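First comes the structure, then the notes that go with it.
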Amino acid sequence: MAGIAFVVVTLSAQGNEKPSEAFSKAMRENGDAVRALRAASKEFEESGAGAQDFDPFEKAATTMRSSFTTTLAYWQAQKVDDAVALTEQALKHAGALAAAAKERDYRLVLEASTALNETCASCHMAHRVRTPEGAYEIKLK
């Protein structure tokens, strides 16, 4: 029985790895950008007809484009095709967010933000696992 448990644990561990520091930093930066997007959206909606600031959306998009470039390089090196495709989609959505913010079109900002959230969630569901210690590891398969 202990041998079977060892094999199961060993096989599952082989499919996971600790992310590189560059990848982890990119994910933290994206997390910060998403929180900034949420705060800016809340403030935007609460302002009604008042002054509406698109700068936080532009800054978040700039951060995400940089972070997703790092993420894309990681997945390309790992040769994980679906993660590469999802990261390419995320880059496209971050570009759409930047364009929408520059145009001062809140409807398009929301569309791009929603698309980004869905893309990120898809990749996290497929390629992220939480360890018993509360950290995250990457599922390669």
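None of the figures in this text is laboratory data; all of them are computed from the coordinates on show. Everything quoted here is computed from the prediction, not taken from an experiment. Note that we place each Cβ from the backbone using ideal geometry, even for glycine, and neighbour counts take in every protein chain shown.
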Run down the aspartates and glutamates and flag those whose C-alpha is under 12 Å from the C-alpha of Lys59, throwing out any fewer than 8 positions away in its chain.
Glu29, Asp32
Points 7 angstrom from Cα along the Cβ direction at Leu140 and Gln52: gap in nanometres?
4.7 nm
Positive-end residue, the chain charge dipole about Cα centroid, Cβ charges, pick of Leu110, Ala73, Leu91
Ala73
Of the candidate values (i) 0.95; (ii) 1.04; (iii) 1.10, the one computed for Rg/Rh (Cα atoms, Kirkwood Rh) from this structure is (iii)
Degrees separating the helix 55-78 axis from the principal Cα axis of the chain, which is the longest one
20 degrees
Filter the trypsin sites (Lys or Arg not before Pro) in segment 61-105 down to the DSSP loop ones having no more than 15 other Cβ atoms within 10 Å, then list what survives.
Lys79, Arg104
Quick check: the angle from helix 21-47's long axis to the longest principal axis of the chain, C-alpha only, nearest 10 degrees?
30 degrees
Once you charge only the Cβ atoms, +1 for Lys and Arg and -1 for Asp and Glu, what is the size of the charge dipole of the chain about its Cα centre, to the nearest 20 debye?
360 debye
